[in-house]
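Report on the following structure.
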Amino acid sequence: MALAVSFTNSGMQREACDALRRWISHNPRYKHLALDCRSPLQGSPATPRRGPHNTSTPASSELQEVLLVFQEAALLNLDCVDPDLQTGLGVLFNLGSDFNKAVEAFSAALSVRPQDYLLWNRLGATLANGDRSEEAVEAYGRALELQPGFIRSRYNLGISCINLGAHREAVSNFLTALNQQRQSQRCSHQQMSANIWAALRIAVSMLDQPELFQAASAGDLDLLMQAFDVGDV
């Protein structure tokens, strides 16, 4: 299941579907449903990886094949919620860009695992993908309440703040993420996440403070943390 999520985050959609198919086939409760579920990786070329301007998905028949198996499995749990199964459904609905249904699936999983910060982050990302940034901020905030050092969620929160026009809040989150990364890895800014620095520069550029943008371009984390009064978390 974690592998499927990682493939999805990396834009490797066909591989994500195959990982979910294999999850079903190895689950004692559901494996009988997967007997006729062909691997999307067998006998067909790989789907191009999704980039910023490429929203391609696996062939609809392959995605629907795995989705139908998961939906059949869900029918076996009418009296309860299997959070792992709902997580898989959330991933599949994300792959099909059906973000409202993905939100429902992750919310169902959270009804059983309300302390799962990874699920809160996945819910936040799904809400953000569905242009529901305000709700995404709440979900990311919940993830960070449970796991303050979760850098990915901190970065995601910053992106949602940019989308909402809350640029100073975005900067604060990016600086916190970079500082946490520096503390955990003991590395210089060149070794930190280029994505976080790029997003930080975008947010700072919106504040019309050229001297701070220059500091962001130079990677002067300490100066920026002092300017925005960001302390250690």
Item to check | Hey, Val103 part of a helix (DSSP H, G or I), buried (at least 19 other Cβ atoms within 10 Å of the Cβ), of a type in the set (A, V, I, L, M, F, W, C) and over 17 Å from the mean Cα position of the chain (by Cα) or not | outcome: no
Next on the checklist: Given the condition outside any loop (DSSP other than H, G, I, E, B), out of contact with any Cys (no Cβ under 7 Å at 6 or more places or on another chain), modelled with pLDDT of 90 or more and under 17 Å from Ser97 (Cβ atoms), answer yes or no: does some residue in region 17-33 qualify?
Outcome noted: yes
Checklist entry - Restricting attention to region 1-13, and to residues there that are surrounded by 23 or more Cβ atoms within 10 Å (Cβ to Cβ) and of a type outside the set (A, V, I, L, M), which single residue is nearest to Leu67 (Cα to Cα)? => result Gln13
Checklist entry - Considering Gly124, Gly141, Gly149, Gly158, which residue is out of contact with any strand residue (DSSP E or B) (no Cβ under 7 Å at 6 or more places or on another chain) and at pLDDT below 95? => result Gly149
Item to check | helices (runs of 4 or more DSSP H) contained entirely in region 118-233, each with at least 1 residues that are more than 30 Å from Ala108 (Cβ to Cβ), open to solvent by less than 20 Å² (accessible area, probe 1.4 Å) and out of contact with any helix residue (DSSP H, G or I) (no Cβ under 6 Å at 6 or more places or on another chain) | outcome: 167-185, 194-205
Item to check | Flag if Glu135 is without any contact (Cβ under 8 Å) to a residue 40 or more places away in the chain, over 16 Å from the mean Cα position of the chain (by Cα) and under 26 Å from Ile196 (Cβ atoms) | outcome: no
Item to check | Scan of region 106-117 for residues that are among the aliphatic types (A, V, I, L, M) and open to solvent by 50 Å² or more (accessible area, probe 1.4 Å), ordered by number | outcome: Val112
Item to check | region 41-96, subset in contact with a helix residue (DSSP H, G or I) (Cβ under 7 Å, 6 or more places away or on another chain) and open to solvent by 80 Å² or more (accessible area, probe 1.4 Å), residue modelled with the lowest pLDDT | outcome: Arg50
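The values are calculated or read from the model by the stated rules, or taken from the named source; none is laboratory data. Fair warning: this is a prediction, and the values are worked out from it, not measured in the lab. Counting neighbours? That spans all protein chains shown, and the Cβs are built from the backbone with ideal geometry, glycine included. Just so you know, the surface numbers come from the protein's heavy atoms only, side chains and all, with ligands and any DNA or RNA stripped out. Shrake-Rupley method; radii C 1.70, N 1.55, O 1.52, S 1.80 Å.
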